[in-house]
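The values are calculated or read from the model by the stated rules, or taken from the named source; none is laboratory data. Please read all numbers here as calculations on a predicted model, not as lab measurements. Cβ sites come from the backbone with ideal geometry, for glycine too, and all protein chains shown count toward neighbours.
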Amino acid sequence: MFSVLLNVVDTYYAGLLSPSALAALSLAGPGFFLMITLGIGAAQACNSLVGNRLGAGRPEQARQLAMQGLSFAVLISIAASIAAYFLTPALFMAMGGEDPYLQLAISYMRVVLAATALFSLAIVLNAILNTRGNTHSYRNAQLYAVVANIILDPLFMFTFGLGVVGVAVVSVLLQAGVVVYLSRQVSRLDFMQSPERSEFIPIPRLFKEIASQAFPASVSMMFVAAGGIIILTFVSKFGEATVAAYGVALRIEQLVSLLVIGLNIAALSITGVNYGANQMARVEEVYRTSLRYALTLMLSGAVVVLVFAKPVMAIFTSDAEVQAIGVTYLYFQAFIFPAVALTFLSAAVLQGLKLPRISLYFNIARQVVGQLILFYIAVYVLELDVRGVWGSILVINWVLGLSIVYVTINRIKKASAVAVAVENWE
């Protein structure tokens, strides 16, 4: 929640600047998410692999993988940020970005790209903490960051006159603080005490093992980012107000989606440890229980969004057109939330089972193939307004959400059968 509130605070202050500032953050959002997908993949790989080693009673191997995971995340993030620095303008123009908000978005991105490694490092440090059930340290770090953000955003944006660039500068400063705090917490874990510099030197064999888990997860997340880019490309055809409205509504959507993010992390961590310990009955229980909780939470969130969409949109912008478009999007999104719960939790459990490729295939179908086909039909064939885009998103999420649940159940059954066979053989 506090991670998303960081973005909500940024959006609020950008709304005080202008609709162009809101549109700039909307345009930059998918691009920035695309950059940190490598860190997200490395984090999920560490959570799964380190958790597996701990579950199997091999703390030394878990420590080695954790150290290598941190190095892996930093190195690939630096390489990606250098490439992205030069590609960002072309990407934003291909998404339909136009002046004045196009230049604002480019300026914002070039600042945060300098700290891509910090964002990735924070995510991996949190994944290592998760393997020992420590989920409160990241919460605390983000809480402190939100409080600081509320103070620093207006200082850099208005007092120092940096505008949208000020938002980026503050984000970098806050992330540096988060990394320092989380590093101290990780060094206190029973299997991570007294780290040596030599442990961070890349070991090709372990880099390969991490990459085999990280890259499918990263590519899967890249397709999520690509999905966001595709949405914005079509949304931008309806003007700056629509882009701004989508950016604001997306922050509200993310707040509701947080209801299942915690369950995702728990499901991945507990699945990874129990899969490593060959306790498949527990994995089955994790999936059933987390799905039940997730659907209950997301249905509740949907009701809240339907009731409060209008007053919440009014908090972020006084522009009547932006408000109206955003409210319509949120009404559609309320009916998508339960499908999102099915997709997120299934992907987390599959990652814990060391099957990230399945999630990758579903994300390609959901975020790219499905959206491109349905968006094209809605906008160019049926010539619908932006509500055709929102309706397409609803259809895609439900079809793929139900499909991934079916696949996950079958994969758990297969893994359980293998576990029983191994136990009988022993």
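Using the structure shown, decide if LEU189 is in a helix (DSSP H, G or I) and either within 25 Å of the chain's Cα centre (by Cα) or modelled with pLDDT of 90 or more (or both).
no
Restricting to the range 49-68, name every residue that is basic (Lys, Arg) and touching a residue at least 24 places away in the same chain (Cβ under 8 Å).
ARG53, ARG63 - these are the residues of the range 49-68 that are basic (Lys, Arg) and touching a residue at least 24 places away in the same chain (Cβ under 8 Å).
Give just the number: which of (1) touching an Asp or Glu at 6+ places or on another chain (Cβ under 7 Å); (2) surrounded by fewer than 20 Cβ atoms within 10 Å (Cβ to Cβ) does ALA241 not satisfy?
That leaves (2) as the condition not met.
For the range 38-65, what are the residues that are surrounded by fewer than 22 Cβ atoms within 10 Å (Cβ to Cβ) and either more than 21 Å from GLU199 (Cα to Cα) or modelled with pLDDT under 85 (or both)?
GLY55, ALA56
Filter the range 266-283 down to the residues that are surrounded by fewer than 18 Cβ atoms within 10 Å (Cβ to Cβ), touching a residue at least 60 places away in the same chain (Cβ under 8 Å) and assigned to a helix (DSSP H, G or I) and list them by number.
Within the range 266-283, just ALA281 meets the criteria.
Does PRO202 qualify as being over 19 Å from the mean Cα position of the chain (by Cα) and surrounded by fewer than 14 Cβ atoms within 10 Å (Cβ to Cβ)?
Yes; evaluated as a whole, the condition is true for this residue.
Is there a residue being out of contact with any His (no Cβ under 7 Å at 6 or more places or on another chain), among the aliphatic types (A, V, I, L, M) and under 30 Å from VAL248 (Cα atoms) anywhere in the range 196-217?
Yes; the residues of the range 196-217 include at least one that is out of contact with any His (no Cβ under 7 Å at 6 or more places or on another chain), among the aliphatic types (A, V, I, L, M) and under 30 Å from VAL248 (Cα atoms).
Tally the residues that are assigned to a helix (DSSP H, G or I) and surrounded by fewer than 20 Cβ atoms within 10 Å (Cβ to Cβ), restricting the search to the range 9-18.
3
Any idea which of VAL386, VAL422, VAL379 is over 29 Å from SER218 (Cα atoms) and modelled with pLDDT under 90?
When all the criteria are applied, what remains is VAL422.
Can we say VAL389 is under 30 Å from SER236 (Cβ atoms), in a helix (DSSP H, G or I) and in contact with a Gly (Cβ under 7 Å, 6 or more places away or on another chain)?
no
ILE261 - would you say it is at pLDDT below 90, part of a helix (DSSP H, G or I), closer than 19 Å to VAL50 by Cα and not basic (Lys, Arg)?
Criteria not met by ILE261.
Provide a single number: the residues in the range 318-358 that are in a loop (DSSP other than H, G, I, E, B) and modelled with pLDDT of 90 or more.
Total meeting the criteria: 2.
Report, ordered by the first and then the second residue, all pairs with beta carbons closer than 9 Å, sequence separation of six or more or different chains, a first member in the range 369-387 that is under 15 Å from PHE332 (Cα atoms) and among the acidic types (Asp, Glu), and a second member that is buried (at least 16 other Cβ atoms within 10 Å of the Cβ) and at pLDDT below 95.
ASP385/PHE238; ASP385/VAL379
Being hydrophobic (A, V, I, L, M, F, W, C) and closer than 30 Å to GLY15 by Cβ, is that true of even one residue in the range 344-361?
Within the range 344-361 (the criterion being hydrophobic (A, V, I, L, M, F, W, C) and closer than 30 Å to GLY15 by Cβ), the answer is yes, since at least one residue qualifies.
Which ranges mark the helices (runs of 4 or more DSSP H) fully within the range 58-137 that have 3 or more residues being closer than 30 Å to THR242 by Cβ and not basic (Lys, Arg)?
59-94, 101-112
Among (1) over 19 Å from GLU60 (Cβ atoms); (2) crowded, with 20+ Cβ neighbours inside 10 Å, there is one condition PHE215 misses while meeting the rest; what is its number?
Going through the list (1) over 19 Å from GLU60 (Cβ atoms); (2) crowded, with 20+ Cβ neighbours inside 10 Å, PHE215 breaks only (2).
When you scan the range 275-308, how many residues do you find that are more than 23 Å from the chain's Cα centre (by Cα) and closer than 22 Å to ASP10 by Cβ?
1
Report yes if some residue within the range 291-306 is out of contact with any Phe, Trp or Tyr (no Cβ under 8 Å at 6 or more places or on another chain), at pLDDT below 90, farther than 24 Å from LEU129 by Cβ and part of a helix (DSSP H, G or I); otherwise report no.
Checked against the condition, which is being out of contact with any Phe, Trp or Tyr (no Cβ under 8 Å at 6 or more places or on another chain), at pLDDT below 90, farther than 24 Å from LEU129 by Cβ and part of a helix (DSSP H, G or I), the range 291-306 yields no hits at all.
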